[in-house]
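Each remark here refers to the structure printed beneath this line.
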Amino acid sequence: MIHQKLLNPQSIAIIGASSDVHKPGGKLLKNLCESNFNGNIYLVNPKETEIQGIKCFEKVEDLPETDCAILAIAAKYCVATVETLAHRKNTRGFIIISAGFAEENTEGAEMEACIVKIINEVGGSLIGPNCTGFLNVNYTGAFDTPVPVLNPQGVDFVTGSGATAVFIKEYGISNGLSFNSVWAVGNSAQIGIEDVLEYWDETFNAESSRVKMIYMEKVANPHKLLKHASSLVRKGCKIAAIKSGNSKAGSRAASSHTGALATSDVAVNALFRKAGIVRCYNREELATVCAIFMHPDVKGKNIAVITHAGGPAVMLTDVLSNNGLEIPHISGEAAAELLSQLYAGSSVANPIDFLATGTAEQLGKIIDCCETKFDNIDAMCIIFGSPGLFQNWDVYRVLDEKMKTCKKPVFPILPSIVNVKDEINDFIFNKKRINFPEECVFGNALAKVVNAPVPQPENIKLPEIDIVAVRNVVENSKNGYLGLNEIRILLDAAGISRKQETEVKTENDAVNFARKVGYPLVMKVVGPVHKSDVGGVVLNVKDEKNVICEFNRLIKIPETYAVEIYPMLSGTEIFIGASRETNFGHLILCGLGGIFVEILKDVQSSLSPVSIDEAHEMIKRLHGYKIIQGIRGKEPVNEKLFAEAIVKVSALVQAAPEIAEMDLNPLLGTAANIVAVDARIRIEK
């Protein structure tokens, strides 16, 4: 648990305080003095006796006991300073602004570890080093600006980048987003993003903020993040996050289809979806999603677009429609009555366009109808700016009044940030409203919020499998790809239906098997990883002559040590895979099978363990889902069996975490059955 002396100190010391407010030590003091902090402030600077009107001590040793200390001194002095504060001054809260630690070199990492050891010895808490600081409703312990006017119901924001926090705050504050706390954790030497989530979760109560914002460049502890983020969402919180650094971190060469598809960024997507986190990709989007979170929940997907400007309404309608939301047609007696109260040329069909000459009174009537008379509307988006010919005071006043009484969410899109700057500033800073200045940014964010994932259950029940058989295979296998017999045992132990095949090493064995099971047959090389790439797959072998011919061709292909042979099956090719991702556990994937898994990359994923409901959702999210359902008279794939097979793969890797990659590609699916035709499993202990 994070120490209360960090969160709500009664005394704070700034080590390295300065009279120069353009230096971190000076700006820290200025921000602290201008915040809500009412406790004692102590300063240390050997060159000063008074700084910004406050007495200054020469040495840390001269300080009285202090709850919290903020260090803005050279890294090389921090270890000794922390030692004195922790053991002689009873300090338990530490914020280290200073850089020059693990982010710089090995020596810095050693100093950082030493500081953490000292603070841990006394049960203290540390933010940083190499950070901009921390602020909450109790005090501002940060040197950056802007410092938001804090609101207990505002956004709780944790970030791994102080500079990014500055830019997000600037955008959010300028558009009316309020904050409750900002944690810039820097190097996260002791307290990282996952630890802050844990604190928010474990201290959550009726007074807690319901909106959490995250910027992270690494996921240090995926399981901790999943546990506490999903718990918060279940308690009623909403979480939006950026995980940056996704362009290269996830790419790696792999020997199977699954490995090529299962990148670290795919794992992050799966983690966020499983936790119920809305993933964002830039600062503007993150702040906009959190601003939408601050409004009442949108109960459905039917949106009214209300405007006096046609172009923005069309663009917003396109964005919403293209992202799965509906702009339902509005008609009937109530619509006709509303239209009669608007100027000629107006339209209420949706978008509701009441023209550039539309008045505040007309806007009020439109909002009232959407609220009480149009049952097919769940939320309202109102675009109202000005070409500079008139002021908008009365319009924004009506908008504010209606937002106070409407049960349906009302989202103001006020784009004229120059022409009616004063009116918008009044709307934001006096009326305490949020503005969404760009309709398409807002539309994309609203779609993400409405389509936000639901966190998965904390305890997922997996099907029972033969764990003894699974462990026996794994423990008696070396690292690398398993043989055909071992794969059969694992699939059978997990209850995954498979083809009945044999492995032959002589022409006579191939002929004898063909005579036993009949035709047509499939023949494949055993050894090469990508069989199709080396011409190692033959379908529809119809007679003994072809069996002999193809066996002798296949066995000569490099790396081939046997030929697999089995009766030819039919059905839609589908795919299930598993890949062990560092720190994340196993990623389970599904999609259309065969070569399409690589060409189309139409794959959905989730972190194991996967529930049956989650498996069904994975299938439904596939772009090729209509193929699974059966199109143009083609037989559908049994979705129930497909989902059950996904869950069985999840159960298998839970029992055998040594499985590094597993590739069932293809499985052949029909309305009656799903059969694994080809499988590769790689063990890495």
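The values are calculated or read from the model by the stated rules, or taken from the named source; none is laboratory data. From a predicted model like this one, the values you see are computed outputs, not experimental measurements. Cβ: placed from backbone, ideal geometry, glycine included. Neighbour counts: every protein chain shown.
Brief remarks follow.
- Residue, surrounded by the fewest Cβ atoms within 10 Å (Cβ to Cβ), within region 634-655, restricted to residues that are among the small types (G, A, S) and touching a strand residue (DSSP E or B) at 6+ places or on another chain (Cβ under 8 Å): A645
- Pair list, Cβ under 6 Å, 6 or more apart: region 52-73 residue in the same structural domain as I96 (by TED's automatic domain parsing), other residue aromatic (F, W, Y) and buried (at least 16 other Cβ atoms within 10 Å of the Cβ): L63/Y42; L63/F57; T66/Y42; A69/F94
- Residue that is farthest from D297 (Cα to Cα), among those in region 358-407 that are in a loop (DSSP other than H, G, I, E, B) and aromatic (F, W, Y): F390
- All positions within region 618-674 that are more than 22 Å from L539 (Cβ to Cβ) and polar (S, T, N, Q): Q629, N638, S650, Q654
- Qualifying positions in region 461-479 - surrounded by fewer than 17 Cβ atoms within 10 Å (Cβ to Cβ) and either within 30 Å of L177 (Cα to Cα) or under 25 Å from the mean Cα position of the chain (by Cα) (or both): K461
- Taken as a whole, the structure leaves K601 outside the set of residues that are under 25 Å from P457 (Cα atoms) and surrounded by fewer than 17 Cβ atoms within 10 Å (Cβ to Cβ).
- Candidate set from region 413-436 (those that are out of contact with any helix residue (DSSP H, G or I) (no Cβ under 7 Å at 6 or more places or on another chain) and of a type in the set (K, R)); member that is surrounded by the fewest Cβ atoms within 10 Å (Cβ to Cβ): K421
- Some residue of region 150-161 being in contact with a helix residue (DSSP H, G or I) (Cβ under 7 Å, 6 or more places away or on another chain), part of a loop (DSSP other than H, G, I, E, B), modelled with pLDDT under 95 and not assigned by TED's automatic domain parsing to the domain that holds A13: yes
- Qualifying positions in region 529-571 - crowded, with 17+ Cβ neighbours inside 10 Å and touching a Gly at 6+ places or on another chain (Cβ under 8 Å): L554, T560, A562, G571
- Filter pass, N583 being surrounded by fewer than 21 Cβ atoms within 10 Å (Cβ to Cβ) and within 27 Å of H530 (Cβ to Cβ): no
- Residues that are more than 26 Å from M213 (Cβ to Cβ) and touching a strand residue (DSSP E or B) at 6+ places or on another chain (Cβ under 6 Å) occur at least once in region 106-123.
- Cβ-Cβ contacts under 6 Å between residues 6 or more apart (or on different chains), taken from a first residue in region 462-479 that is in a helix (DSSP H, G or I) to a second residue that is of a type outside the set (A, V, I, L, M) and modelled with pLDDT of 95 or more, are listed as V473/E486; V474/E658.
- Annotation: N444 fulfils all but one of (1) over 30 Å from A275 (Cβ atoms); (2) in a helix (DSSP H, G or I); the unmet one is (1).
- Of the residues in region 165-172, not one is of a type outside the set (G, A, S), buried (at least 22 other Cβ atoms within 10 Å of the Cβ), part of a strand (DSSP E or B) and touching a helix residue (DSSP H, G or I) at 6+ places or on another chain (Cβ under 8 Å).
- Among the residues making up region 437-450, those that are surrounded by fewer than 21 Cβ atoms within 10 Å (Cβ to Cβ) and either under 21 Å from R397 (Cα atoms) or modelled with pLDDT under 95 (or both) are P437, E438.
- Helices (runs of 4 or more DSSP H) enclosed by region 283-344 - at least 3 residues per element that are free of Cβ contacts under 8 Å to residues at least 12 places away in the same chain: 310-322, 333-340
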